[in-house]
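**Student:** Encoded as structure tokens, here's the structure I'll be asking about.
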Amino acid sequence: MKKAPYILFIGITLIVISIILIGTNYHYAKTKLNETLFYTLQKCVDKDLAGRMLPIPASSSGFTANRKVKTAEITTYNEATQQTKTDTIVFRDSIDQNIYKNLTKQYVLAQLNPIRPDTLLKLFKQELKERHGVDMAAGITYWDGKQAHYSGNDSATYAQPSYCVRIDSLDVYYQLWVEARANCGIGTVMRFGSPMGYTTFIALAAGLLTTGLALFLQRKKKKEKSLKEEIKTNLAAGTVTIAKNSYSLPPLEIRLLDLFLNHPYRILNKEEIKRQIWESESVTDNTLYVHITKIKNLLQPHSYTITNIRNCGYRFENVS
């Protein structure tokens, strides 16, 4: 019983540490999920671009692998005015020529075969499910330079999604962008956390169990202390005091009562009782019953009793 405060301290410490670690792991998981959504969206945009390019022959002449470019010229033809226009674009940073090709394709396709949000959403959700085993509510927004286009077959809200990732620079003029919104519960988020997160939950469970055990032991100790203050025995004087009322009782029955007071609310086996009180002396169950009945008659007016548990033994109880 004296160990209860130490057990309680260990339990509370485990709970506090576990809560801190769970919070840290949850923050890590949210960051990891956000990164996963962004790179998944980027991959799906590239897949979608390749699919929309199929009907349009792409020329790769003049490009060198891994070459960086700082400026580029874009030539466009206006059918209405029948005029050709050439723009020189200066990129903020030097970019790979393959990236430049994709930016150019997106710009051209925006006029001929633009991104369809529903198609991109299908790719996005499929990629999440196949690569990460995640199925979450999501939505896609595509800005074509003039207006937004939304995917219309999903339950994700446009106003306040749990996660929102955007690719701003889809084309060479930085006019097009695409955005993915997603909603998911804490269970899905924690799948992206550290594997140590499961150990943390085990530590939390251990902390809760330890704390519960400590509280139980303290409560038991308190009840035992209260009981010993309520019922006092004096073997030398041959008296028992219950709620300030004194009674005379034979030494054997005082020892028997002391045995129950030292193990309150616990079932004591008949053989165990005989061994503790009579030691090697042979005692029948009927003799034991007679002595216990005398003690019961003394206790019952004060809301205490000793109950016979069939085929098990006897137990001291508070019946109030």
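The values are calculated or read from the model by the stated rules, or taken from the named source; none is laboratory data. As the structure is a computational prediction, the values presented were derived from the model and not from experiment. In this analysis, Cβ positions are derived from the backbone assuming ideal geometry, glycine residues included, and neighbour counts consider all displayed protein chains.
**Student:** Of the residues that sit in region 16-57 and are among the polar types (S, T, N, Q) and free of Cβ contacts under 8 Å to residues at least 12 places away in the same chain, which one is nearest to V189 (Cα to Cα)? So that I can check it myself, show each step before the final result.
**Tutor:** Of region 16-57, the ones among the polar types (S, T, N, Q) are 18, 24-25, 31, 34, 36, 40, 42.
If we keep only those that are free of Cβ contacts under 8 Å to residues at least 12 places away in the same chain too, we end up with 24, 31.
Values: T24: 13, T31: 9 Å.
In this case the residue turns out to be T31.
**Student:** I need every pair where a residue in region 304-320 that is touching a residue at least 24 places away in the same chain (Cβ under 8 Å) and at positive phi has its Cβ under 8 Å from the Cβ of a residue that is surrounded by 11 or more Cβ atoms within 10 Å (Cβ to Cβ) and among the β-branched types (V, I, T), sequence separation at least 6 or different chains.
**Tutor:** G313/I267; G313/I273
**Student:** Next question, about the same structure. Given the residues Y314, Y289, Y265, which is the only one that is assigned by TED's automatic domain parsing to the domain that holds L249, touching a Lys or Arg at 6+ places or on another chain (Cβ under 8 Å), of a type in the set (F, W, Y) and loosely packed, with under 15 Cβ neighbours inside 10 Å? Full working, then the answer.
**Tutor:** Working: Y314 fails: loosely packed, with under 15 Cβ neighbours inside 10 Å; Y289 fails: touching a Lys or Arg at 6+ places or on another chain (Cβ under 8 Å).
That would be Y265, the only listed residue that is assigned by TED's automatic domain parsing to the domain that holds L249, touching a Lys or Arg at 6+ places or on another chain (Cβ under 8 Å), of a type in the set (F, W, Y) and loosely packed, with under 15 Cβ neighbours inside 10 Å.
**Student:** If I filter region 25-54 down to residues being polar (S, T, N, Q) and surrounded by 15 or more Cβ atoms within 10 Å (Cβ to Cβ), which single residue comes out as modelled with the lowest pLDDT?
**Tutor:** So the first thing to find is which residues in region 25-54 are polar (S, T, N, Q), and the list is 25, 31, 34, 36, 40, 42.
Retained after the next criterion (residues that are surrounded by 15 or more Cβ atoms within 10 Å (Cβ to Cβ)): 25, 34, 36, 40.
On the way: N25: 78, N34: 92, T36: 93, T40: 94.
Restricting to residues being polar (S, T, N, Q) and surrounded by 15 or more Cβ atoms within 10 Å (Cβ to Cβ), the top hit is N25.
**Student:** Now for a different question. For residues that are in a helix (DSSP H, G or I) and in contact with a Lys or Arg (Cβ under 7 Å, 6 or more places away or on another chain), tally how many sit in region 124-141. Spell out how you get there, then give the answer.
**Tutor:** If we filter region 124-141 for residues that are in a helix (DSSP H, G or I), which is where we start, we get 124-132.
Still in the running and in contact with a Lys or Arg (Cβ under 7 Å, 6 or more places away or on another chain): 127.
Of the residues in that region, 1 qualify.
**Student:** Using the structure shown, decide if K129 is buried (at least 19 other Cβ atoms within 10 Å of the Cβ) and under 18 Å from T36 (Cβ atoms).
**Tutor:** No; evaluated as a whole, the condition is false for this residue.
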